Amino acid sequence: MIKQGPIGIFDSGYGGLTVFKEIVQRLPQYDYVYLGDNARVPYGIRSFETVYRYTWECVQRLFELDCNLVVLACNTASAKALRTIQQNDLPLYDPSRRVLGVIRPTAEVIGKYTQTGKVGILATQGTVSSESYVIEINKFFPDVAVYQEACPLWVPLVENNEFHTPGAAYFIKKDLDSLFAKNPDIDCVVLACTHYPLLADIIRKFLPEGVRLISQGELVADSLADYLERHSDLRACCSLGDNRQFYTTGAVPEFDEKASLFLGSAVQSTQLLL
Ligand code: DGL
């Protein structure tokens, strides 16, 4: 008999809190553990091998904290590590555990949001070069054209809480201009990095009129609710309660301060040394 445990939510840093927030709101009945690998953020500039190694290491730590289900609330990890973990690692480690990502839940609904059939993807360099969004969206909506823009400075701006500065606005505008130069008919833009919703207000100022901005949090939360509805075996492995634990591989005071700001409620984390 499998021991029940909390749902694990993982990101390279603070960005996954934007997904955590929506999941907890949608499914408040479960216990949750959040792990941010703040000591090694950003992942977006790292190689496939490194992102995979870091991600699998963190997922195993969440398993050791009794999580039977882990959500990679990180597009870069979903793009570069999820498939290997699902196909190679889980069958050997423990086939009853599950690891889910954020790209598929986004790709499978995105066609509903575009009229022109032209979708923009704003993401880290790692997610863009993996082509995961192009491949996944094409599976569900072969007629939708996908235009990608890597925004390498946006994660550091969020992690360092520097996003309300004029410098941040300059780089955000520059990357958006570059995306729309690829096709001005894009009518739907996906924030395909879980850090980016924190920049949404600034992004909106520079978006052409009528363009929809899509954050993943709600989409991922809906998809997880649906997944648990369909998988009663896994649902039974998720403990019920109101425990919300936070772990960071970085410095606790800094995590607590920024995570409290992002979530709008006090956070007390524990350091997890890798
Ligand atoms: N938040 C992560 C994502 O969704 C990546 C940030 C990073 O570590 O570069 O892609």
Please report the relative contact order for segment 99-220, taking Cα pairs under 8 Å with a sequence separation of at least 6, and give it as a percent rounded to a whole number. 32
Subtracting the Cα-Cα distance from 0.36 nm times the residue separation, let me have the gained length for Lys174 to Gln60 in nm, one decimal. 37.2 nm
Kindly express, to the nearest 10 degrees and within the range 0 to 90, the angle between helix 166-182's C-alpha long axis and the longest C-alpha principal axis of the chain. 70
Show me the GluC sites (Glu not before Pro) within segment 159-233 that DSSP assigns to loop and that have at most 10 other Cβ atoms within 10 Å of their Cβ. Glu209
Can you tell me how the chain classifies by the Cα gyration tensor, rounded, prolate or oblate, using a/c under 1.5 as the rounded cut? prolate
Gln25-Glu209 pseudo-label distance in nm [points 7 Å out on the Cα-to-Cβ vector]: 2.9
With labels modelled as points extended 7 Å from the Cα through the Cβ direction, what inter-label distance (nm, one decimal) is found for Ile45 paired with Phe140? 3.2
Gain on full stretching of the segment that runs from Asp256 to Tyr227 - 0.36 nm per residue minus C-alpha separation: 7.4 nm
Defining a contact as two alpha carbons under 8 Å apart and six or more residues distant in sequence, what relative contact order in percent does the chain show? 28
Rounded to 5, percent antiparallel among DSSP beta bridges of the chain: 5
Given the options His195, His231, His164, state which has the largest fluctuation in a GNM of the chain using a 10 Å cut-off (strictly under) for Cα springs. His231
What is the sum of charges around Ile9, taking Lys and Arg as +1, Asp and Glu as -1, for the other residues whose C-beta is under 11 Å from the C-beta of Ile9? 0
Which residue, Ser223, Ser96, Ser232, tops the fluctuation ranking in a GNM of the chain built on C-alpha contacts under 10 Å? Ser232
For Val109 and Ala181, FRET efficiency with R0 = 25 Å and r from the beta-carbon atoms, rounded to 0.05? 0.40
Which parts of segment 40-61 would a label at Asn88 reach, counting a residue when its backbone N lies under 19 Å from a point 7 Å out along Cα-to-Cβ? 46-61
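No value in this document is a laboratory result; all are computed from the given coordinates. Note that the coordinates shown come from a computational prediction; the quantities given were computed from them, not determined experimentally. Neighbour counts run over all protein chains shown; Cβ positions are idealised from the backbone, glycine included.
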